[in-house]
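The values are calculated or read from the model by the stated rules, or taken from the named source; none is laboratory data. Note that the structure is predicted; figures quoted are calculated from it, not measured. For neighbour counting, all protein chains shown are included, and Cβ atoms are generated from backbone atoms with ideal geometry for every residue, glycine included.
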Amino acid sequence: MRFLTKKINDMKSDTIICFIFENETKKSDLFEHLNKLSNNELEKQIYEYKLIKGSFQETFKYAINNELKVIITGLGKKENLTRQKFSQAIASAARIAKTTSKNQSIAFEIIEKNENCSCDSFSKAECAQMLFTSARIGVYEFNKYISNKKSQIEIIEAIDDNITQDIEQKATIGAYSSFAMKFAKDLINESAQIVTPKYVASLANNIAKEHKLEAKIFSKNEIKEFGMNAFLAVSQGSVNEPKFVHLTYKPKTTPRKKIALIGKGITFDAGGLNIKPATSMLTMKCDMSGSASVLGIIQAISKLQADIELHVICALCENMTSGSAYKQGDVLTAMNGKTIEVDNTDAEGRLTLADALCYADMLDVDEVIDIATLTGAVIVALGHNITGVMGNNQKQIDKFKQIAALSGENVWQMPILEELKDNLKSEIADMKNTGGRNAGTSTAAWFLSNFTKSKSWLHLDIAGTAYLDKSNKETLSGPTGVMIRSLINYLLS
Ligand code: BES
Ligand code: MN
Ligand code: ZN
């Protein structure tokens, strides 16, 4: 797919999306242009016959000379439009446009919204960025295994007669963010049968070659030599051996900051001997969403030639049942020497992440961030549209929360308090890997905090948000690519 910023006269799309706010009559240059082509019919239909009022996600379709299709999309009252609602409106408009476009190209007008609070207003440049990410999400489809493939959108145009450098720059971030999201969504959608640790590792190797990144890929014996026994234990029930991936992007000049980004990489989570019930296991190919995300993000960061050093780390394995699987009651020694009593083999993510966090401590980085489909408890707490954010540095958490909001994504902080320690008390080891049902998300995060020395460690629990059984307002069911936009914006900030 291509993402282009264009002037009105260079627009090639046969389907054009314009926005209107409720109770507002301000018309954009693009609207005036289309109105002229329609002999003022467009204006009449909207403002005289009032065929659309402009309430949120209300749409009105109008064809000009049977070739141009105009989709007017309502954004509701101006003061009520958040970036998130705007993203939803873009995505659903894109989905409608997909069904009407004949030349596989759709155009959006670039708008701006000026309000007092920076969170609720956005510039034309920020609009262009949102257009490219949300429209891409809107038209995304995984059709590899569909026999009768529908025609797909190939080009998304963002239209304004004054394409400034600022617009160009933010639009480029939007375009690469949506490439990263598409990459992650495709990888998560693919069968776990194909997406094994070895497969992801060789994909990472190809990414490294294409983007000239440093690549370190460790196999089982090297993982053993590192002393990553918690990670190794999770992997041992599978015929597919574990892989540990470490990619590094370095800017041409001295990096402004150095960040390690860890993605949970369980390519299938059957639960281990504490096997999951069938309904819970159904979507567990999504348990490598964290890895898919960070592998997408490093490609975007490299394309954008960001001035930061970025380390991407994936501890990849399957969590399976078999005669060689790790067992309840096993005591494991993680890479930092801390011991863990296995209370539940289905709490495997934190075991693999523990060793990945220890590994990140060997790198000289300013911040460590992990993104993981870690706990079912986060779904109980926050549902499917809010990501849990935790960490040990409130400044970093606050900054991330702000950037996520500006990126149109929902996050909510959960506490990590010393109180939680008792949940994981073990009689024979330093800690157990699970406590009771209570405070599951925070307890998992407290567990992880034992394995990082970083003073700026941020943890994103995307178990509820990475993969949807039911479509939400922006994304259809399936993988979402959640937090990719926010993380890219965070890394660039
Ligand atoms: N991968 C799951 C968490 C998950 C649940 C992801 C639902 C996506 C959707 C994780 O490995 C897991 O099984 N967690 C257990 C932990 C429990 C045994 C303490 C859970 O949440 O049930
Ligand atoms: Mn599990
Ligand atoms: Zn898992």
Q | Tally of residues being surrounded by fewer than 18 Cβ atoms within 10 Å (Cβ to Cβ), within 37 Å of the chain's Cα centre (by Cα) and in a helix (DSSP H, G or I) across segment 34-54 | A | 0
Q: Check whether at least one residue in segment 253-267 is away from ligand 2 (no atom under 16 Å from the Cβ) and in a helix (DSSP H, G or I), and report yes or no.
A: no
Q. Does residue 17 satisfy the condition of being under 27 Å from residue 136 (Cβ atoms) and in the same structural domain as residue 112 (by TED's automatic domain parsing)?
A. yes
Q: Any residue in segment 313-327 that's closer than 12 Å to residue 356 by Cα: show its pairings with residues that are among the β-branched types (Val, Ile, Thr) and within 16 Å of ligand 2 (Cβ to nearest atom) at Cβ separation under 7 Å, as long as the two are six or more apart or on different chains.
A: 315/352; 316/267
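Quick check: is even one residue across segment 466-484 more than 30 Å from residue 93 (Cβ to Cβ), in a helix (DSSP H, G or I) and assigned by TED's automatic domain parsing to the domain that holds residue 338?
Start the filter on segment 466-484 by keeping residues that are more than 30 Å from residue 93 (Cβ to Cβ), which leaves none.
No.
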Q) Just one of 167, 96, 106, 153 is at pLDDT 95 or above, in a loop (DSSP other than H, G, I, E, B), among the aliphatic types (A, V, I, L, M) and within 19 Å of residue 18 (Cβ to Cβ); which is it? A) 153
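Does residue 21 satisfy the criteria of being of a type in the set (A, V, I, L, M, F, W, C) and surrounded by 21 or more Cβ atoms within 10 Å (Cβ to Cβ)? Spell out the reasoning first.
Values: of a type in the set (A, V, I, L, M, F, W, C): yes; surrounded by 21 or more Cβ atoms within 10 Å (Cβ to Cβ): no.
It is false that residue 21 is of a type in the set (A, V, I, L, M, F, W, C) and surrounded by 21 or more Cβ atoms within 10 Å (Cβ to Cβ).
Could you tell me whether segment 301-318 includes any residue that is within 13 Å of ligand 2 (Cβ to nearest atom) and in the same structural domain as residue 445 (by TED's automatic domain parsing)?
Of segment 301-318, the ones within 13 Å of ligand 2 (Cβ to nearest atom) are 317-318.
Among the residues that remain, those that are also in the same structural domain as residue 445 (by TED's automatic domain parsing) are: 317-318.
Yes, segment 301-318 contains a residue that is within 13 Å of ligand 2 (Cβ to nearest atom) and in the same structural domain as residue 445 (by TED's automatic domain parsing).
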Q: Within segment 355-373, identify whether any single residue is assigned to a loop (DSSP other than H, G, I, E, B), within 13 Å of ligand 1 (Cβ to nearest atom) and of a type in the set (A, V, I, L, M, F, W, C), and answer yes or no.
A: no
(Q) Which numbered condition in (1) in contact with a strand residue (DSSP E or B) (Cβ under 8 Å, 6 or more places away or on another chain); (2) among the hydrophobic types (A, V, I, L, M, F, W, C); (3) more than 22 Å from residue 371 (Cβ to Cβ) is the only one that residue 295 fails? (A) (3)
(Q) Just the residues that are within 15 Å of ligand 3 (Cβ to nearest atom), over 17 Å from residue 456 (Cα atoms) and not in a loop (DSSP other than H, G, I, E, B), please, taken from segment 326-354. (A) 349, 350, 351, 352
